[in-house]
Amino acid sequence: MKAALRTAAGNFQIGEVEEPKLGSADWVRARVKVAGICGTDLRHWKKPEPELEGHIMGHELSGEVIEVGEDVSHVKPGDRVVIETVMGDGECPWCRVQRYNICPHLYQVRTGCVSRAYADEVVGPKDKFYKLPDNVSFEEAALIDTFAVSLHAQHVSGLSINDKVAVIGAGPIGLAQMMLAKASGADVFICDLVDSALDMAKNLGADAVMRSDQPDIVDQVMAQTDGRGADIVFECAGGASMPDTLPLATRLARRGGKVVVVGGFDSGEVSIPLEWQRIQMSEIQLLPSASFAFWDIYPEQGAVLDMIAKGRLNVRPLITHTFPIEQINEAFDVAEDKQSTGAVFVALTLSSDES
């Protein structure tokens, strides 16, 4: 089958690989229809990592079932599905209580099967395949992973109706964070450095948009919150910007407020000076949020699918660009250069069939 394979230089080349096989009687095999380019993927773009040479990447995807094991009954060949790619080993203490998003073996397990979106086919356990209703397209379904990350962060935050919320970063995760908070009755202010992203945020319902490089951004948030600051700040930029955005998040939060760290860190030790005395004396909580799993008895990916199907979330405006998988390198360039291209969510199609 066809796949986009990582090169040692950090881009991709199209090649042929073996088709994946069902791992057991309760596994499913699906043909990938649409895959997304995530901010996590972009942090590896054109970064020489010889250890990833030949790897199949991608973890935001939807597709069509082509084979099921004998113990699978909820989906059948021909069904349209969204595929969850957060998968632990199923044996550790965290997996046993459905917190598989913090499984110690998460990366090794997921990249061995479901987290290989940039290929014609994927396989995985049946509980990772959610049947799509007719009114949710393959492209919209590929955004469910993004929104599930933000939903988990909102659950971690304890957000309540009428909370004053600041979001740093108006990429796919930040926009999803804003949309979920608005759907939950919060007032939301969002900041970014890309004007087109802020325009989209305003069109999607943000109460105020701000450029994060403005020297008075803290004053702007204070003006929106009666001088107190935000009840909850979601840091959704991550990566190389974290040394700037995390301190900013702590300055935007009110006394007794919360900062939820959603954006990803690069691996290794990262030194970020913070005003620890002020944070402690103000009892500002720093809450890490990692991917998604279950919240109570509900799978967070399934909850997002339900909200989209019921019309509570309109994710389609986030899909700004679509490329065939053969143009994956061009697609990554467009996704990375969002200042010029206005890219938000860039989709890759792996089939000529209608999505």
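Count of segment 328-355 residues, restricted to those that are open to solvent by 80 Å² or more (accessible area, probe 1.4 Å) and either in a helix (DSSP H, G or I) or in contact (Cβ under 8 Å) with a residue 24 or more places away in the chain (or both), is 5. Looking for something more than 30 Å from G10 (Cα to Cα) and either in a strand (DSSP E or B) or of a type in the set (G, A, S) (or both) - is there at least one such residue anywhere in segment 120-130? Yes: segment 120-130 contains one or more residues that are more than 30 Å from G10 (Cα to Cα) and either in a strand (DSSP E or B) or of a type in the set (G, A, S) (or both). Looking across segment 23-43, the residues that are part of a loop (DSSP other than H, G, I, E, B) and surrounded by 17 or more Cβ atoms within 10 Å (Cβ to Cβ) come down to I37, C38. Is one or more of the residues making up segment 281-289 within 18 Å of the chain's Cα centre (by Cα), of a type in the set (D, E, K, R) and not in a helix (DSSP H, G or I)? No: zero hits. Among the residues of segment 95-110, the ones that are surrounded by 15 or more Cβ atoms within 10 Å (Cβ to Cβ), in contact with a strand residue (DSSP E or B) (Cβ under 9 Å, 6 or more places away or on another chain) and part of a loop (DSSP other than H, G, I, E, B) come to 2 in all.
Yes or no, residue by residue, for (1) over 18 Å from S289 (Cα atoms); (2) in a helix (DSSP H, G or I); (3) modelled with pLDDT under 95:
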| position | (1), (2), (3) |
| --- | --- |
| Q177 | no, yes, no |
| A181 | no, yes, no |
| V188 | yes, no, no |
| L198 | yes, yes, no |
| V209 | yes, no, no |
| D219 | yes, yes, no |
| D226 | yes, no, no |
| I232 | no, no, no |
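For the residues Q301, Q277, Q285, the requirement of being surrounded by 22 or more Cβ atoms within 10 Å (Cβ to Cβ) and either modelled with pLDDT of 95 or more or within 22 Å of L151 (Cα to Cα) (or both) singles out Q301.
For segment 220-235, the condition holds for at least one residue, the condition being that it is under 22 Å from I279 (Cα atoms), in contact with a helix residue (DSSP H, G or I) (Cβ under 7 Å, 6 or more places away or on another chain), charged (D, E, K, R) and open to solvent by less than 20 Å² (accessible area, probe 1.4 Å).
Just to verify a result, which residue in segment 62-86, among those that are aliphatic (A, V, I, L, M) and not in a loop (DSSP other than H, G, I, E, B), is farthest from Y118 (Cα to Cα)? It comes out as V68.
The values are calculated or read from the model by the stated rules, or taken from the named source; none is laboratory data. Note that this is a predicted model, so its numbers are computed, not measured. Quick reminder, even Gly has a Cβ in these numbers, built from the backbone with ideal geometry, and neighbours come from all protein chains shown. Accessible surface areas use protein heavy atoms only, side chains included; no ligands, DNA or RNA. Shrake-Rupley method; radii C 1.70, N 1.55, O 1.52, S 1.80 Å.
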